[in-house]
Structures are given as C-alpha cells and as structure tokens.
Amino acid sequence: MNLDAASTPDPQSNDSKDDRKPTTPEPPIDRATPISLTPKSRLESITPKAESSESEGRIGDLRDRVQTLKDEIRSLQAAKFKAQQERDRLQADLARLVEDSLSDLQQRRQALQLSIEQLERREERIRQEMRTTFAGASQELAMRVQGFKEYLVGSLQELASTAEQLELAPPEPEPEPVGRSLPPEDDFAEPEEDIRPQFTRSRFQDQTQQIRRLLDEYRYQPDYYAPPWQLRRTFEPIHAERVSNWLFAQGGRGALRSMGSRLQNILIASAAISVLYSLYDRRLCTLVLANSPERLGEWRRGLQDCLGIDRTDFGPDRGVGLFEEPEPLVQKADRLVRANRLPLILIDESEDFISLSLLQFPLWLAFAPAPPSELNPRDRDW
C-alpha cells in the first residue's frame, strides 16, 4: 500500500469540508519517522512461493506430456517395426508364389513343346509311310497288275470258247403277209437311252470332262461336309490315278491292284461311286462282294464314312447291297438291268476267284490281292 497517498489529504475534499465547518490544522508528519512495513513484506514473501509452486506444477505437466509422447513414439515405432515385418513377409510370400507359378508354367511349356515335337515326328513318320505305301515299288505294282490282267484275259478266252461250242439254232423266219408290207413298229419307236457307260467314245467327251473335273475337285478341294453320295475324304494323287485308269483305260470294267489296306480300297471305290452317282443319280446301285460278314462290315463302315450315307442306304432294294456269295449278287444285278438301272459290282481283295457271270455286267471293279510272300505281316488279312 502507498501510505503516503493515504495520509495525504485531498484538497478538494478539504475545500468542501471548509465550506461546511472550520477544521483545525493537523500537525505535520515527519518524513523521517520510520513506518512499519510488515504487510508489504509479507505480500512480497508470499508472491514468489505461489509462482514457484505454479511453475513446478507446469513443469510436472510438461514432464508428463513428454513421457506420454515418448510412450506414443515407442508404441508407434513398435507398430512400424511390426508393419515392416508383415510387409517383408508378404513380399517373401509373393516372391515365392511368383516363383512357383513361373516354375509351373515353364514345366507346362516344356511338356507342350515335347508333345509338339512328338506330334511333328509322328506326322513326318505317317507322311513317310504314306509315300512308301502309295507311291513306292511301281515295278512291283505293274507286275501284279499284269499278272491279274493275264488271268482275266485267259478267263475271257475260255468263256468265248465255251460260247462258241454252244449250238444255238437260228430262229425260223416268219412268212411275210401278202400285200403291202409295213415296217415294223420298232422302226417308229424311239430308241431307248443307252445307260451303259462308254467313257472312251468321242461322243461322250462332255462326260469325260465332267469326270475329270470331279476328280480334280476331290483332289484339290475336298469337301468334308458334302451331301450324301459325294466323297468326303482326302483324295491323294495315287487314288485319282487309280480311278482315272479304271474309268478311261479300262472303261469301268477291270481290276486294280490293292492298296494293301481295305480302307484305302474303299476310298478308291467311294470315289468311283461318287463320280458315277453324279452322272447316273439314283439309277446307280452298288453291289459289294466279300466272303465274310466281318469284311462286309468293314465295307459298310468305310462307305458310310467316305460317302456320308447311313444304315438306311444299305439293303437289297437300297443304294448299296452286301453279298457273301456271287450267285445272289448276279441275280440281283440281272433284275437291276431289266429294271433299266445300272449295277456297279465291287469285289473285295479277299476273293480268290471271280465268277465269270460277274464279268457280263457293264460296271465292275475288282481289287487284285498281292502275293502273300510280298505282303508285310501287318498288311495280311488274317
């Protein structure tokens, strides 16, 4: 407290008091007289203690905050270390997974490459076998065909000599009617169309060109989804050569050297059937001769596969007939000829002898078997 100010009188207050009543002057205060300072010193002594206690409390709070922050830092560092460990573990798992996947893919790639190489070698081996089977040993083929031709020529000569020995009485001429003679009715009737194939005559040049065009289509543009009775398989040059030789050189009546496989023979026969079906349509009827049901079954399945026909096309009155004996086949062919239809007779290579009655029909194809000594063991028909 400012004691001097407290003890000093206010002039204004004095002036106001002087207006009311007179006052007696107070004695002057001696400035040198000491005044008690007990309240002020006590106040000054209390203030530093309060400030020091407040500072100590603030310092304690700061220390607590520092300790809390340190604890948080340690927990964050531990979490960071744990996250790094988890990341390292995930990276290791991912690397291991990628490595396993790459290893699996490499193994599969090697397996595929090995399979491709095996298929390529197999393809090359098959091509080599096909070249060897279809186009090899031309001299042997010529010799076998020539032998079979000589056999057929001898058979025909025997047939001709037998026919010459038969005594056939000529028919007695009918007496002509008296008066004006009229020409027979046959002179006015239109000649019947000759359905017998004549592939070598000049007037059938258009038919020959059509046949060659069909063979070229079978060879260069095979149609694996062709309609029924059209060839649906790959046609090699050796097949086209055999069919052309049978049609143009032999006139559709002759024998061909067996290909060594019944399936290959069926392919050649199917090409011939397809060509003739394109020319004569439903008038053509195929008759197959083989000496066992198993071989006839192979012919049925092979013709179905090559021509796109089904089981309903096989039967006595259908497009293809199967026979084990030549006698019923000859009877069926006779009925077809009388019905103005065209029978095509196919003779399997298993037939050791050919009945001479089969050679009277306009179309027949026989497959000549190879001698047993020249056959490979796998080509023999057991």
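The values are calculated or read from the model by the stated rules, or taken from the named source; none is laboratory data. Just so it is clear, the model here is predicted, and its values are computed rather than measured. Methodologically, a virtual Cβ is constructed for each residue, glycine included, from the backbone with ideal geometry; neighbour enumeration extends over all protein chains shown. Quick note on the areas: whole protein, heavy atoms, side chains included, nothing else; ligands and nucleic acids left out. Shrake-Rupley method; radii C 1.70, N 1.55, O 1.52, S 1.80 Å.
Output the direction-averaged projected area (hull surface divided by four) of the convex hull of the alpha-carbon atoms of the stretch 268-318, in nm².
3.6
Leaving out ligands and nucleic acids, note down the accessible area per residue over the stretch 269-356 with a 1.4 angstrom probe, in whole Å².
Value returned for the stretch 269-356: 43 Å² of accessible area per residue.
Considering only protein heavy atoms and a probe of 1.4 Å, how much of the accessible area of the stretch 249-291 is carbon and sulfur, as a whole percent?
46
Among SER261, SER292, PHE235, whose Cα sits farthest toward the positive end of the charge dipole of the stretch 230-382 (+1 at Cβ of Lys/Arg, -1 at Cβ of Asp/Glu, about the Cα centre)?
Projecting each Cα onto the dipole axis, the largest value belongs to PHE235.
Relative contact order for the stretch 244-382: what is it in percent, counting Cα pairs under 8 Å that are at least 6 residues apart?
Reported as a whole number, the value is 33 percent.
Going by accessible area, probe 1.4 Å, with all protein chains left in place, what is the ranking of PHE248, PHE353, PHE361, PHE81, largest first?
Accessible-area ranking of PHE248, PHE353, PHE361, PHE81, largest first: PHE353, PHE81, PHE248, PHE361.
Computing the accessible area with a 1.4 Å probe over protein heavy atoms, can you report the carbon and sulfur percentage for the stretch 48-114?
56
Compute the length gained on full extension between GLU158 and ARG125: take 0.36 nm times their separation in residues and subtract their Cα-Cα distance, giving the result in nm to one decimal.
7.2 nm is the gain from fully extending GLU158 to ARG125.
Note down the relative contact order for the stretch 285-345 as a percent, whole number, built from C-alpha pairs under 8 angstrom at least six residues apart.
48
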